[in-house]
Amino acid sequence: MVAGTQRKYYMLGGKGGVGKTSCAASLAVKFANNGHPTLVVSTDPAHSLSDSFAQDLTGGTLVPVEGPECPLFALEINPDKAREEFRSATQKSGGTGVKDFMEGMGLGMLVEQLGELKLGELLDTPPPGLDEAMAIAKVMQFLESQEYSMFTRIVFDTAPTGHTLRLLSLPDFLDASIGKILKLRQKITSATSAIKSIFRQEQTGQQDAADKLEQLRERMIKVRELFRDTDSTEFVIVTIPAVMAINESSRLRASLKKENVPVKRLVVNQILPPSATDCKFCAMKRKDQSRALDLIQNDPELSNLTLIQGPLVDVEIRGVPALKFLGDIIWK
Ligand SMILES: Nc1ncnc2c1ncn2[C@@H]1O[C@H](COP(=O)(O)OP(=O)(O)OP(=O)(O)O)[C@@H](O)[C@H]1O
């Protein structure tokens, strides 16, 4: 995973609480300690990276993480905030003057369809996963700038399973709906070109909104391509040795396959370490865990993945030294 200087993206997904953040943060530390300028991103509003690194990484911008040998930066994006920012930028577009005028010219029907580029509707009742999609689009925006071209490893501590899946199927929807809106807008613009000068103010506002939409659409396409690019991207499934978690991981793998998202590794975290003197509780737990591990061997979705076993450690994994300790065990 550390080999090569080409930029690589790692996305960690799985059921809540299995240890995605700990695994993502420990992988990021591993990369940084192996010479990769690394960025670790979270789109989880719970600020889990700050907890994991035991440093305040909030604020929606890149924050340096202290400790590793090479630069390691963290970015925590609050999806609700990303949507709000977009909404306030597009709300400024107003456009009621144009609407009134066009209604007067008998073009009301088109305006109705346009309805302020239908943004209000899109943002008031967002389809599931839109927030995360926008948050990831925001990450892409960061990565477009020259300043961030130095990063050779980008690790995503993704949102829980359901959200991630919805997000993955989203770009197609957005591409279709935004594309439609933009086409409609073009129609209106040509119909109103004669009156542009009268309503220059509104036109400019609408243009800004349309530009923002176009940018969002382009970034969504990039996100979609990124998720499916086998050369640069890998989705790592994190699970625990418990039947329910493994069944869910199997479903996750199946849906990722359907979306053509590349998966190679399965981390089974929190496995009881070997012991010669198990108490009754530990003996029961061990049996349970080994049954769950057998399930992986027989699961058609999971059995062909590279299995990585992560031990249950007896300390809380918090801060760079603890993450390095975990990372050295898991990410060989
Ligand atoms: N291998 C491990 N051994 C011991 N404790 C662990 C291990 N992995 C994770 N933990 C602990 O389990 C808890 C949950 O871990 P973490 O926050 O990484 O999970 P998560 O999957 O990201 O959760 P969420 O989906 O809720 O964000 C944390 O307290 C973490 O320290």
* List the residues whose amide H sits under 5 Å from the amide H of residue 308, counting only those 5 or more places along or on another chain, with H placed 1.01 Å from N in the peptide plane. => 266, 267, 268
* To do: Return the sequence-ordered ³J(HN,Hα) values of the stretch 310-318 in whole Hz as given by the Karplus equation 6.51 cos²θ - 1.76 cosθ + 1.60 applied to θ = phi - 60°, using x for Gly and Pro.
  => x, x, 6, 9, 8, 10, 6, 8, 9
* Asked: How do the peptides 324-331, 39-46 rank, highest first, by the average count of neighbouring beta carbon atoms within 10 Å per residue?
  -> 39-46, 324-331
* To do: Return the sequence-ordered ³J(HN,Hα) values of the stretch 18-35 in whole Hz as given by the Karplus equation 6.51 cos²θ - 1.76 cosθ + 1.60 applied to θ = phi - 60°, using x for Gly and Pro.
  => 6, x, 4, 4, 4, 5, 5, 5, 6, 5, 4, 5, 4, 4, 4, 6, 10, x
* Just reorder 21, 277, 239 by solvent-accessible area, largest first, 1.4 Å probe, all chains present. => 277, 21, 239
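What do you reckon, how do 158, 61 stack up by accessible area (1.4 Å probe), largest on top?
These residues rank, largest area first, as 61, 158.
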* Structure fact -> HN-Hα couplings for the stretch 281-295 via Karplus (6.51, -1.76, 1.60; θ = phi - 60°), in whole Hz with x for Gly/Pro, come out as 4, 5, 4, 4, 4, 4, 4, 4, 5, 6, 5, 5, 5, 4, 4
* Too-long pairs where the Cα-Cα distance tops 30 Å, listed order kept, from 264/324; 15/324; 30/287; 280/324 -> 30/287; 280/324
* Asked: Around residue 8, which amide H atoms from residues at least 5 apart in sequence, or from another chain, sit under 5 Å from its own amide H, with H modelled in the peptide plane?
  -> 153, 154
* To do: Sort the following peptides by mean Cβ neighbour count (other Cβ atoms within 10 Å, averaged over residues), highest first: 305-313, 68-76, 11-19.
  => 11-19, 68-76, 305-313
* Considering amide H positions built from the backbone, and no H for Pro or chain starts, which residues 5 or more places from residue 65, or on another chain, come under 5 Å of its amide H? -> 72, 73, 74
* How much accessible surface area, in Å² rounded to 10, belongs to the heavy atoms of residue 228 with a 1.4 Å probe? -> 80 Å²
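Leaving out ligands, DNA and RNA, and with a 1.4 Å probe, what % of the accessible surface on the stretch 209-332 is carbon or sulfur?
The computed percentage sits at 53.
The values are calculated or read from the model by the stated rules, or taken from the named source; none is laboratory data. Everything numeric here is computed off the predicted structure, so don't read it as measured data. With ideal geometry, Cβ positions are generated from the backbone for all residues, glycine too; neighbour counts draw on all protein chains shown. Note: accessible area is taken over every heavy atom of the protein model, side chains too, but ligands, DNA and RNA are not part of it. Shrake-Rupley method; radii C 1.70, N 1.55, O 1.52, S 1.80 Å.
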